[in-house]
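Here the structure is laid out as C-alpha cells; the discussion comes afterwards.
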Amino acid sequence: MNRTAIDPITRIEGHMRLEVEHTDNMVHDAWSTGTMFRGIELILPGRDPREAWVIAQRACGVCTHVHAIASVRAMEDALGITIPPNARIVRNLLSGSQFVHDHVIHFYHLHALDWVDVTSALSADPAATAQLCARTNIGWPNNSAAYFGEVRTRIQRFLDSGQPGLFGGGYWGHPAYTLPPESNLLLLAHYLEALEWQREFIRVHAILGGKNPHPQTYAVGGMALTLAPDAPSGINTAALIQLERLLTTGKDFVDKVLVPDVGLLAAHYKTTWAVLGMGPGNLLSYGDFPEDDTGPGSFFLPRGRITGRRLDTVLPVDQAAIAETVARSWYTYTEGDATLKHPSAGETRPNYTGPQPPYESITSVKYSWLKAPRYQGEVYEVGPLARLAVAYAASGGAVREAVDRFLTGAGLRPTDLFSTLGRVAARAIETQLLAARLLIWLRSLRENMAQGDLRVANNGKWDPATWPPTADGWGATEAPRGALGHWVRLSDRTIAAYQLVVPTTWNGSPRDAEGKRGAWEEALIATPLADPERPVEVLRTLHSFDPCMACAVHVHDPSNGASVTVRVG
Amino acid sequence: MARNGTTRTHDTARSQACTDGRSIAALLAQDGIGRRSFLRWCGYIAGMLALPVEPFGARIADALTTTPRLPVLWLNGQDCNGNIEGFLRAANPTPSELVLDRLSIDYVELLMAPSGKAAEARMADTIARYSRRYVLVVEGSVPTAANGAFCCVGGKAFTQILREAAADALAVVGVGSCAFDGGLPAAEGGVTGAIGVREFLAGSGKTIITLPGCPMNVDNLTATIVHYLTFAKWPELDDLGRPEFAYGGCLHRSCERRQHYQAGRFVLSWGDAGHQQGWCLLKMGCQGPGTPANCATVRFNSGTSWPVAAGAPCLGCTRPRFWDNLSNAFPTTASPLALHVVSGDTGGAR
Ligand code: SF4
Ligand code: SF4
C-alpha cells in the first residue's frame, strides 16, 4: 500500500490537501484536509447584525453572493421581517446569475483541463474541428476553419514561447486523456471564449450590486438599490434593457456552447466516468429561488432529501437534524469531540494537533480544519446533483424534461447521474434551467415596476430599537456548490453567536467519530491512478464536486467576547 | 470596536488623477463590448496613470508588445479568492489576453493545470529561471500565529512559502485588503496572528506595492504592471505602499452624488424618494469621505458601475482596518458625520 499526498489541489477555491492510499493503480482510501483557517465566526460576535452579511460574504470570493444572502436571511428570520416581492426577485436575479457564471467558470476553467489535453489540440485539423462545432454547437457563430486555425496557432505560439503559464506542468499525454484532437481544440477554444464571456455576463452583478466580486447592495429587510423607471440611476428603464441583453446573450452561450460541450464530453467519457465517483448516495438540498412569498413550497429548485440513490422518493428536510462533530477535526468540544452538535448550539475551540510544518504526511487522528456535518448522523452530498436529483424526483416538469433531454443526448440513464460525470452533467443542466429562468424573473420585475410597485426594502425593523432582546435565526440558501446555512443568535442588539455550515464542509468533511468518510473521500474509493505523480483521475472526481475550501473552514464561539485558546502541537 | 484609520494629508495634485479619471471612464464605457482597440486601451491606462495620452499611449503599446511576457507568481494565503476572481473580470486587456499574451502566470492555484508536486515545481522553476524578473502577487493575509499552521500549502507554512518566493522577486504586489494590512482575519476577534505583506516582509528591502480594496480593482493592478513595463520603474507609492495614481485622491471628490451632498440632499432610508433620485448616501453610512480610492472614476466590471452608483454606501474598504470601523456604515440614530469624527477620520472635509 502506498500513500501519496496531493497538495496543493489546484483549480479549486481555497487550500486543500488530499492523501490517498493506493495499490495496483487504484485508490483504496482517501483523507481530505482543509489546510487554511481564518476564523470568520470568531470575528462576527459582538457586531451589528446589519453588517454581518458584509463579513460573511467574504467567506468566499468565488461564490461571492451566497453568504450575503444567507446572512441577511438569517437576520430577517430572527427579526421576523418579510421582504418586498421585488427584493425577492432581485435576490433571485443575483443568485441565478451567480450560479450561471460560476458553473461556466467551473466547467471550463476549473474542470475542463482534467478532460482536455492541451497539447493534443495542437494536432487537430481546424476544418474538421469546424465540422464538429457545426454538429455540436448548433447555431454558435464563432465557427470556421480559419477561427480554429487561429486558436490552434495562438496556443502553439504560447506553448512554444517557453513560457507555458497556466498550462505549464499539466499532465498532457496522460493515458486518461482520450478525446480526439478536434474535440480538444473545440473545448480549448471555448475555454478561451468562456474567459471573455464570464467577464461580460457578470456585469449583471455590477448593475444590481455595484461590483463583482462582492456585490454590495444587500440590506437586512431588502436591497439597497432603487427601482424607478425614470430615475437617473439605479434600476431604471435603461438598466432593465441592459440586464435583458446580458441575460439573453448569457443564455445563448449556455444553450449553444456550455450544454453541448458537456454533452460531448459526457458521451465520450461515459463508459468509465458515469460509473466511478458515486459518493455516499444520500443527497440534501435546502432548495432556493422562491417564486412567491409562501416559503419553500414556491422554490424553483425544491427542498428535499434523497437516500440510497433512490430517485422515486423525496424526504423532507428538518434543519434540527443537522449536527457537526469534530472527532477528526482540529477543534475541541467541551462535551467531547465525538459529540454531534446542532449549529445553533455549536462551539469551536481551534486545537491544531497535526504535524508541524513542513510535513510530508498527515497521519494524526485529527486531520482537517473542516468539521464534519451530518444529517441524522449520516453523510450527505450537496450541490447541483443533489438539487437536480431532488427536483427530478419531486416535481418532474421543466427539470425532468431538461434532465431527460440531456441524458438521452449523451446516452446516459438517470441512475448514471450518481457519478463523477453525473455531477458535471447536473451542473450543466442546472445552468441551462437557471439561464432561462432568469429572464422570467426579470420580466416579473419589469411588470411590477410597470404597475408602480417600486418597493425593494422593508425598513420597519432597520432601527435596532425595534428588535427583541434576544432572537435566533436560520438563513438557508443554495450556493452553486450546494446547501448553505447560517445560524445566528442575537442578544442585546448584537450578534452573540454565528455559525455557517457550508457546502464544502458537507462534501469535503473528514471522517466522523464512527469513521464514516466524507462525501468525496467516499467517492474517491476505486478511482484508477495510472501514475501517482500525475493524479488526473483523482482530480476528475474531486473537481466534479467543485470544492470551495475557504468558506468550508469556519469556527464559532457562542459566548460574546469569549477568548479562544489555540494550542499547537 | 472602532480602530482608527491612518489619517492622510490632502494634496490637490494627487486628487487630480481622480478628476481626470472621469473622461477615462467614459472612454472605457464607450469602448463597451465587442472588439476593443489595444491602442485605445493603452491610452486609457495612460490616463489612469495621469499621463498625457500623447506620447504615452504609444509608448505603453510598444512596451507591451515588445517585452517578453512578465512572469507572475500569484500566491494565496488567508483569502477568499476575491482578488483572483477580480483579476478575471479585467476589461482590457481581456482575461484571455492577460493570461495568454501579456503575462506569464506560472503559478496560481485557482487556474493552473497541475496540482501537487508538479504545481510546486512550476513555482520553483520560475524562481530559478527568472530571478529578480518575476512579480510576486500575494492575495490574502499572512497568519503568523501557531507556527504557521493556520495556512499550509504542500505541507509548508504559508509564511515560509511567502518568504522564499519573495526573496528573489522583482517586486511584491499585495492585492486586496487582507494582503494590505491583514484585512478580515486580522479584524477584532481573529486569532490567527494575521498581518499584511508589508508588515510580514518589513526589512526585506523589497519593493512592496499594496492595492487595498475588497477586492482590489483589477484596473489598478494592470495599470501598476503596465507602468513598470513602460518605464522600468514602479509608480509612485504613498507611505502604505499604495500607488498614488489610484489611492491619491478621495472617492468623495469624484462621486457622482457629490452635487447632492453639496446641496444637502440625503437619502434617509432604503428606497425613499431621495434614494430613487440618486441623492447622497452619507446619512446611510457612506464612508466615501476619507476613503482614498478611484472606484468612482474607474468603476468595476468594464466600467459598468460601482457600489455608490448602484445605490449602496461605500464601506471604505481601501482604508486600514476598515473591518473594525464597519459599523459606521450602518448608522441608525447617530449622525454619520459625527461617526466619522469618532473614528478619528478627518477625511470628511476632503
Ligand atoms: S481582501 Fe476581501 S476579497 Fe480579498 S481576500 Fe480578503 S476578504 Fe477576500
Ligand atoms: S458621501 Fe458618499 S454618496 Fe455622498 S457624495 Fe460622498 S461618496 Fe458620494
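Values for this structure:
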item: Cut-off under 5 Å, modelled amide H: who pairs with B:VAL153 long-range; result: B:PHE158
item: Accessible area per residue, Å², segment B:161-247 with all protein chains present, probe 1.4 Å; result: 27
item: A:ALA497 long-range amide H proximity, modeled H, under 5 Å; result: A:ARG489
item: Charge sum, other residues only, whose C-beta stays under 12 Å from B:THR144's C-beta, Lys/Arg counted +1 and Asp/Glu -1; result: 0
item: Free-standing Cys, chain A [no other Cys Cβ under 4.7 Å]; result: A:CYS63, A:CYS133, A:CYS548
item: Estimated vicinal HN-Hα couplings, Hz - segment B:276-293 in sequence order (Karplus 6.51, -1.76, 1.60; Gly, Pro = x); result: 5, 8, x, 6, 5, 9, 3, 7, 9, x, 4, 9, x, x, x, 9, x, 6
item: Table column - 3J(HN,Hα) (Hz), segment B:231-244, Karplus curve with 6.51, -1.76, 1.60, x for Gly and Pro; result: 10, 6, 8, 7, x, 5, 10, 8, 6, 10, x, 8, x, 4
item: Partner lysines for A:LYS211 [C-alpha distance under 26 Å; skip if fewer than 8 residues away on the same chain]; result: A:LYS251, B:LYS283
item: Fraction of alpha-carbon pairs over 51 Å apart in the protein assembly as shown - percent; result: 10
item: Ellipticity estimate at 222 nm from DSSP helix runs (n ≥ 4, -39,500 (n - 2.57)) divided over the protein assembly as shown, nearest 500; result: -11000 deg cm²/dmol
item: Nearest-20 debye value, the protein assembly as shown charge dipole, Cβ charges on Lys, Arg, Asp, Glu; result: 1180
item: Translational diffusion coefficient (Stokes-Einstein; Kirkwood radius from C-alpha pairs) of segment A:380-523 at 25 °C, 0.890 mPa s, in µm²/s; result: 132
item: Anchor A:LYS341: lysines whose Cα lies under 20 Å away (excluding residues fewer than 8 positions away in-chain); result: A:LYS366, A:LYS371, A:LYS516
item: Under Karplus coefficients 6.51, -1.76 and 1.60, residue-wise ³J(HN,Hα) of segment A:417-431 in Hz, glycine/proline x; result: 4, 7, 6, 4, 5, x, 5, 5, 5, 4, 5, 5, 5, 4, 4
item: Cα Rg, Dmax (largest Cα-Cα span) when computed across segment A:1-59, Å; result: 17.8, 56
item: Relative contact order of segment A:342-450, pairs being alpha-carbon contacts under 8 Å that are 6 or more residues apart, as %; result: 18
item: Spread of Cα-to-Cα distances over 5 Å intervals beginning at zero, given as percent, for segment A:96-195; result: 3, 13, 22, 24, 20, 12, 5, 1, 0
item: Value of relative contact order over chain A, rounded to a whole percent, pairs C-alpha under 8 Å and six or more apart; result: 26
item: Local net charge near B:ASP101, Cβ-Cβ under 12 Å (Lys/Arg +1, Asp/Glu -1); result: +3
item: Label-to-label distance, nm, for residues given as A:SER491 and A:SER123 (7 Å Cα→Cβ offset); result: 6.8
item: Net charge over other residues, Cβ less than 14 angstrom from the Cβ of A:ASP318 (K, R count +1; D, E count -1); result: +2
item: Shielded residues, segment B:181-212 - accessible-area loss of 50 Å² or more between chain alone and all protein chains, probe 1.4 Å; result: B:LEU184, B:VAL191
item: Solvent-accessible heavy-atom area per residue, rounded to whole Å², over chain A at 1.4 Å; result: 29
item: Accessible carbon and sulfur surface of the protein assembly as shown relative to its total accessible area, %, 1.4 Å; result: 53
item: Accessible area buried, both sides summed, chains B and A with 1.4 Å probe, Å²; result: 8100
item: Stokes-Einstein D for segment B:139-252, Kirkwood Rh over Cα pairs, 4 °C, 1.567 mPa s (µm²/s); result: 88
item: Share, in percent, of DSSP beta bridges within the protein assembly as shown that are antiparallel, nearest 5; result: 70
item: Neighbour-limited loop hits for GluC sites (Glu not before Pro), segment A:299-403 (at most 12 other Cβ within 10 Å; DSSP other than H, G, I, E, B); result: A:GLU335, A:GLU360
item: Segment B:85-229, relative contact order in percent, only Cα pairs under 8 angstrom and at least six apart counted; result: 24
item: Cα radius of gyration and Dmax for segment A:36-77 (Å); result: 10.1, 31
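The values are calculated or read from the model by the stated rules, or taken from the named source; none is laboratory data. All values reported here derive from a predicted model rather than from experimental measurement. Cβ atoms come from the backbone with ideal geometry, glycine included; neighbour counts cover every protein chain shown. What goes into the accessible areas is simple: the full protein's heavy atoms, side chains included, and nothing from ligands, DNA or RNA. Shrake-Rupley method; radii C 1.70, N 1.55, O 1.52, S 1.80 Å.
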